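To start, the structure itself, in structure tokens.
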Amino acid sequence: GVMIQHASVVNLLAALKQTVYAGVEDSLRVSVNAPLAFDGSVKQLIQLAHGHTLCVIPEEARADPRLMLGYLERHRVQVLDCTPSLLRLMLAEGLGATGTWTPERVLVGGEAVDEATWATLSQHPRIACFNVYGPTECTVDATVRPVRGAPSAPTIGRPLLNVRTYVLDARMQPTPVGVPGELYIGGAGLARGYHGRPELSAEKFVPNPFSSQPGARLYRTGDLVRYLANGELEYLGRIDHQVKLRGFRIELGEIESSLAQHPQVKQAAVLVRKDGNSPERLVAYVAAHEGHQPEASALRAFLSQHLPEYMLPSVFMAMDALPLTTHGKVDRKALPVPEASGVIGPDFVPPRDALEAMLVHIWEELLGVQPVGVRSNFFELGGHSLLAVSLMARIRELTGRSLPLTALFQEATIQHLARLLRQEEESGPWSPLVPLRRTGSARPFFLVHPVGGNVLCYAELARQLGPDQPLYALQAQGLKGEQPPLGTIEEMAAYYIEALRTVQPTGPYLLGGWSLGGVVAYEMARQFQRAGEQVELLALIDSRPHQDGDASEAEVSRIAMHFAWDLFRTAGMELQLPENLSELAPEALLEALLEQGRTAGLIAPGAEAEEFRALFRVFESNLRASFQYRPKPYSGTVTLLRAGDRPLAEGEDANHGWGTLATRVEQHELPGEHYTLLQRPHVQKLAERLKECLARAHQAPGFVKDGKSA
């Protein structure tokens, strides 16, 4: 507990009047959105003393930028005080946009402002933003910098009224301009000390060697800063193990000490990490006693008994032993980047349908963690309340459906969110069109399902193609048993053309598909051509126009075996066949395969046998349709992306027979075989080649982009 005197709070009020509220004579409407246990609430509440109106923002609106913006507009809030993390989300939701209510003044503090947000605010014509800095021990704020018109690099500015700042080296000597040192703060804002902690007070509040006033003290912030030539302070980071995360000050040693009290933990270290695109997160490295391996959920539950929620690590990394320096201390620089395979947690279960695959893709983008399973916990992978807001916004953007934040806090798993989204989906009309990525400046690329009917196989390819390429997949009718499957390739092509025209009414079109999906895409291109539409790209991923087999004579048991093989291989798994397979009737065989799919995690535990039979019926119908399809010539170019590791059949040419049908075949041989072509690591090469093909298509003469002729 930090003991703050009344005089220090009054000084803060006067300092804010001189800076943030300079020139204000009338009463303003000021937001109160900081928790009352957080020091930021003090500078919001004390504005009553200057006659301002306090607008107490409801708890549910504080965590949701859309609700917050709605509240600001309804109550005409003129002064907003928040962290940079929340401000970024609100700017993305439209804060400050033309025609919307915008606060006149915005205070940001609690953590460092990133350069992109700083640049946006420095040029914003309607928002006067102030970057405030200060530890609780110096009464909330100690320095301020108006952001409007500021240089591109963020600074924490200059000291407030009656505050003194010093940048000192290890001998408590002032450092020259531009040379880093520890920031010491003195003046009217200093606290009396820590309640009941005289030793800690003596360590942090030291005598001021630069003052002649008896008893004058300085507070050691532990922050590394430097003076710039213009007299402003630039924040550089921490010099100890104390960190700032999402506005909260955290002592890493306190978390490590609490972890060490767990009976199964031998040694622990905690870091704040930001690896690649992942957000900043607390990572705990845990070496357990021999014979023990505690799970993340157990460790998190244990820590929650001793620590507040914001101090709970997002990731728990299991290690045999922590790396040590030559002096026998934990070598923090040698602690590894958390990998999904090393993170303590439940068994990994991959996505089982297109919806779960889409959610996995969103989580991997937001959290910077791969791979993500459908039972993974959002918060244990590094998520937090602000990222949860981004997650729900991304789901709304891609699916057109909204879920409340409370859904994530009920159960923070993909399978739970997918279940809720399916419940909403069932009330609306079914469509074969599945948006894998709605956003991007390029023309959409449409991929047709393979023989299994669902589009799960394209999940990783969608991620690899990048954020600027809108991508839609076409799934087969009948997957949920609501309607019978379509019986011919020609019917499928016509139906899918009708669906994709709801997204792109006119050409030129970008089509593709893997395996049978390529055959359907070929027929779609023919039908488009007959209708006078242009197809700029027809990408066939390891597809063959002619299928060996007879639609009428194919045995159900043989098709069932083909179905099982395709189901497992598409998911990147090997099929373990029952020993008495040859003795089983088709219905018993399907039951055995259903049970094996559940055990392997390919089928949701609650899936009914009828749902599984619907999958089989679609597979069977699509396979028979491929047997009877007789492709006709196409006067255009086919781009064949062929799996190079699959040997050609006797008498088969490298073009897989497309050369006798299309005017021209552009062939690309890629590493991998038929199934691994769409799986890591081979999918990266496939995506690279597809990006090149798509880029050429976008640059083709007459190709329209964003409503303008390219």
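Quick notes
- Residue satisfying all of: in region 294-309; under 16 Å from Leu252 (Cβ atoms) and not in a helix (DSSP H, G or I); least open to solvent (accessible area, probe 1.4 Å) among these: Leu307
- Hey, Tyr219 surrounded by 18 or more Cβ atoms within 10 Å (Cβ to Cβ), in contact with a helix residue (DSSP H, G or I) (Cβ under 7 Å, 6 or more places away or on another chain) and either not in a loop (DSSP other than H, G, I, E, B) or not charged (D, E, K, R) (or both) or not: yes
- Set Gly644, Gly672: member being open to solvent by less than 20 Å² (accessible area, probe 1.4 Å), over 20 Å from Pro508 (Cβ atoms) and in contact (Cβ under 8 Å) with a residue 12 or more places away in the chain: Gly672
- Test for Arg158: is it of a type in the set (Lys, Arg), closer than 19 Å to Tyr21 by Cβ and either touching a helix residue (DSSP H, G or I) at 6+ places or on another chain (Cβ under 6 Å) or not in a loop (DSSP other than H, G, I, E, B) (or both): yes
- Selection status of Leu623, at pLDDT 90 or above and within 30 Å of Gly466 (Cβ to Cβ): no
- Residue in region 439-496 that is surrounded by the most Cβ atoms within 10 Å (Cβ to Cβ), counting only those that are modelled with pLDDT of 85 or more and at positive phi: Gly453
- From the options Arg613, Arg630, residue that is touching a helix residue (DSSP H, G or I) at 6+ places or on another chain (Cβ under 7 Å), of a type in the set (Lys, Arg) and either free of Cβ contacts under 8 Å to residues at least 60 places away in the same chain or in a helix (DSSP H, G or I) (or both): Arg613
- Scanning region 126-142 for residues that are buried (at least 23 other Cβ atoms within 10 Å of the Cβ) and assigned to a helix (DSSP H, G or I) turns up Glu137, Cys138.
- Set side by side, the residues Val434, Val503 differ, and just one is surrounded by 15 or more Cβ atoms within 10 Å (Cβ to Cβ) and closer than 22 Å to Leu538 by Cβ, which is Val434.
- The residues in region 361-370 that are open to solvent by 10 Å² or more (accessible area, probe 1.4 Å) and either farther than 20 Å from Val434 by Cβ or of a type in the set (A, V, I, L, M) (or both) can be counted, and the count is 4.
- Hey, Leu259 in contact (Cβ under 8 Å) with a residue 24 or more places away in the chain and part of a helix (DSSP H, G or I) or not: yes
Yes/no matrix, rows are residues, columns are (1) among the hydrophobic types (A, V, I, L, M, F, W, C); (2) surrounded by fewer than 17 Cβ atoms within 10 Å (Cβ to Cβ); (3) within 20 Å of Asp141 (Cβ to Cβ); (4) more than 29 Å from the chain's Cα centre (by Cα):
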position: Leu36; (1), (2), (3), (4): yes, yes, yes, yes
position: Ser41; (1), (2), (3), (4): no, yes, yes, yes
position: Gln47; (1), (2), (3), (4): no, no, yes, yes
position: His50; (1), (2), (3), (4): no, yes, yes, yes
position: Thr53; (1), (2), (3), (4): no, yes, no, yes
position: Gly70; (1), (2), (3), (4): no, yes, no, no
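- Boolean, Gly601 is of a type outside the set (A, V, I, L, M), farther than 28 Å from Asp653 by Cα, loosely packed, with under 15 Cβ neighbours inside 10 Å and at pLDDT below 60: no
- Residues satisfying the stated conditions in region 675-701, i.e. open to solvent by 20 Å² or more (accessible area, probe 1.4 Å) and either within 29 Å of Gly507 (Cβ to Cβ) or at pLDDT 95 or above (or both): Lys685, Glu688, Arg689, Lys691, Glu692, Ala695, Arg696, His698, Gln699, Pro701
- Residue that is in a loop (DSSP other than H, G, I, E, B), over 24 Å from Asn162 (Cβ atoms), modelled with pLDDT under 90 and not charged (D, E, K, R), where the choices are Gly291, Gly196: Gly291
- Number of positions in region 295-313 that are touching a Pro at 6+ places or on another chain (Cβ under 9 Å) and of a type outside the set (D, E, K, R): 5
- Residue check: Leu324 meets all listed conditions (1) within 30 Å of Leu465 (Cβ to Cβ); (2) of a type in the set (A, V, I, L, M); (3) modelled with pLDDT under 80 but one, namely (1).
- Index of the failed condition, Arg396 passing every other in (1) assigned to a helix (DSSP H, G or I); (2) at pLDDT 75 or above; (3) open to solvent by less than 40 Å² (accessible area, probe 1.4 Å): (3)
- Summed over region 575-588, residues that are at pLDDT 65 or above and either part of a loop (DSSP other than H, G, I, E, B) or over 16 Å from Ala614 (Cβ atoms) (or both) total 4.
- Residue within region 94-113 that is touching a residue at least 12 places away in the same chain (Cβ under 8 Å) and in a helix (DSSP H, G or I) present: no
- Region 84-106, residues that are of a type outside the set (A, V, I, L, M, F, W, C), open to solvent by 30 Å² or more (accessible area, probe 1.4 Å) and more than 20 Å from the chain's Cα centre (by Cα): Thr98, Gly99, Thr100, Glu104, Arg105
The values are calculated or read from the model by the stated rules, or taken from the named source; none is laboratory data. Every value quoted in this text rests on a predicted model; they were computed, and no experiment measured them. For neighbour counting, all protein chains shown are included, and Cβ atoms are generated from backbone atoms with ideal geometry for every residue, glycine included. Heavy atoms of the whole protein, side chains included, go into the accessibility calculation; ligands, DNA and RNA do not. Shrake-Rupley method; radii C 1.70, N 1.55, O 1.52, S 1.80 Å.
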